[in-house]
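Trainee: Sharing a structure, written as structure tokens. Questions coming.
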Amino acid sequence: MRQKIVAGNWKCNTNVQEGVELAKAVDSIVAEKGADDVTVVLGVPFTHLTSVVDAVNIDRINVSSQNCAAEAKGAYTGEVSVNMVKSTGATHVILGHSERREYYGETSEILNKKLALALEAGLTPIYCCGEALEIREAGTHNEFVVKQLEETIFQLSADDFKKIVIAYEPIWAIGTGVTASSDQAQDMHANLRSAIAAKFGEEIAEETSILYGGSCNPKNASELFANKDVDGGLIGGASLKAEDFIEIINAY
Ligand code: 13P
């Protein structure tokens with residue numbers, strides 16, 4: 001069955017102690033209020049992974065890194081491998097976030113290496129895609145985002161593709177307070193699902209979770225999640241406050 005997922009992406013925020021407090025707060029509210037059938041993921045900085053895994057009940061809360069190295073191991077100073085991430089108890093890895101593509105030159109070629117390593121290590125990739133404002137304004141967003149998929153996750157075998165979670169994050173909506181409208185989100189998600197169906201078949205397309213990200217907050221989450229092709233969210237700013245994040249989890 002297609003999973004409903006609400007994932008936080010803390011980006012480069014909180015120190016370890018603050019992160020542990022935040023994770024504990026999310027965990028205890030989820031324990032108290034429940035998260036129904038929603039899979040909750042916290043995307044935390046590398047430095048926080050072990051402490052956050054230890055601080056939460058991992059049956060309730062999944063922990064994710066926000067990146068991984070494109071090499072398995074070796075002389076790559078400062079890099080963090082999939083094996084290191086996996087050994088912390090983390091289960092997911094966010095890959096291809098637009099901030100990494102834009103600020104760190106992450107290309108499809110690099111992403112393909114990371115995807116292969118993550119899958120081999122048994123981590124679930126949360127694969128991000130999305131267009132810049134100029135592309136949206138030019139009206140070529142549907143083709144643009146499908147091309148991102150064609151260059152990366154569509155290169156995978158069907159068995160590996162089934163392990164991927166997709167997050168559609170229009171760049172113009174990230175951290176701007178401008179959310180995609182419910183219709184804009186649904187249109188893109190339906191577009192992606194039909195591209196997946198054309199590539200891997202209806203059944204796999206129906207099973208793929210496609211999250212929305214970009215200024216999603218407690219006020220707009222219910223409307224976004226009510227769309228039939230929106231299976232949850234990847235939440236930046238609003239995941240840094242436990243109460244807001246929980247409201248989004250409970251927005252279904
Ligand atoms: P905001 O929710 O802060 O717009 O960030 C979205 C995002 O980039 C999540 O990965």
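Trainee: Along the Cα→Cβ direction, 7 angstrom out, place labels at S157 and A198. What is the inter-label distance in nm?
Mentor: Using points 7 Å along Cα→Cβ, the separation is 2.5 nm.
Trainee: Another question, then. Relative contact order (percent) for segment 173-226, with alpha-carbon contacts under 8 angstrom and 6 or more residues of separation? Can you show the working numbers first?
Mentor: Numbers: 38 pairs, mean separation 27.9, N = 54.
Answer for segment 173-226 is 52 percent.
Trainee: Right, something else. With the contact rule set at Cα under 8 Å and sequence spacing of 6 or more, what percent relative contact order holds for the chain? Before the final figure, lay out the partial values.
Mentor: Values: 474 pairs, mean separation 54.5, N = 252.
Computed value for the chain: 22 percent relative contact order.
Trainee: In addition: So what is the calculated 222 nm ellipticity per residue for the chain, using -39500 (n - 2.57) for each DSSP H run with n of 4 or more, over all residues, to the nearest 500 deg cm²/dmol?
Mentor: Working: 12 runs with 110 residues, N = 252.
Taken over the chain, the calculation gives -12500 deg cm²/dmol.
Trainee: Have a look at the DSSP beta bridges in the chain and tell me what percent are antiparallel, nearest 5. List each step's numbers first, then the result.
Mentor: Values: 0 of 29 bridges.
Expressed as a percentage, antiparallel bridges in the chain total about 0.
Trainee: Looking at segment 43-92, which trypsin sites (Lys or Arg not before Pro) are DSSP coil and have at most 16 other C-beta atoms within 10 Å of their C-beta?
Mentor: Answer in residue order: R60, K73.
Trainee: Please identify the GluC sites (Glu not before Pro) of segment 1-89 that satisfy two criteria: DSSP loop assignment and at most 15 other Cβ atoms within 10 Å. Which are they? Write out the running numbers ahead of the final one.
Mentor: Numbers: sites: E18, E21, E32, E71, E79; in loops: E71, E79.
Sites meeting the loop and neighbour criteria: E71, E79.
Trainee: Here is a follow-up. In the P(r) worked out for the chain, what percent of Cα pairs fall beyond 24 Å?
Mentor: 42 percent
Trainee: A 19 angstrom limit on the alpha carbon distance is what I want to check against. Which of K33/K241; K73/K113; K163/K199; K11/K228; K11/K219; K114/K162 exceed it? Before the final figure, lay out each step's value.
Mentor: Values: K33/K241 16 Å; K73/K113 13 Å; K163/K199 15 Å; K11/K228 28 Å; K11/K219 22 Å; K114/K162 17 Å.
Exceeds cut-off: K11/K228; K11/K219.
Trainee: Continuing with this model, one more query. Sort D229, D59 so the one with the fewest other Cβ atoms within 10 Å of its own Cβ comes first.
Mentor: Working: D229 20, D59 6.
Listing D229, D59 from fewest to most nearby Cβ atoms yields D59, D229.
Trainee: Further, regarding this structure: Express in nm, to one decimal, how much length is gained between T107 and V16 on full extension, taking 0.36 nm for each residue of separation and deducting their alpha carbon distance. The partial results should precede the final answer.
Mentor: Working: separation 91, 0.36 × 91 = 32.76 nm, distance 2.97 nm.
29.8 nm is the gain from fully extending T107 to V16.
Trainee: Using 0.36 nm times the number of residues separating N227 and E120, minus their current alpha carbon distance, what extension gain do you get? Could you put the intermediate results ahead of the total?
Mentor: Working: separation 107, 0.36 × 107 = 38.52 nm, distance 3.26 nm.
Gain on extension, N227 to E120, equals 35.3 nm.
Trainee: How high is the relative contact order of segment 5-153, in percent, with contacts defined as C-alpha pairs under 8 Å that are six or more residues apart? Numbers along the way, then the final one.
Mentor: Numbers: 216 pairs, mean separation 28.5, N = 149.
Taking the mean separation of contacting Cα pairs over the length of segment 5-153, I get 19 percent.
No value in this document is a laboratory result; all are computed from the given coordinates. Computed from a prediction, not measured in an experiment: that's the story for all the values here. Positions of Cβ are backbone-derived with ideal geometry, glycine not excepted, and every protein chain shown enters the neighbour counts.
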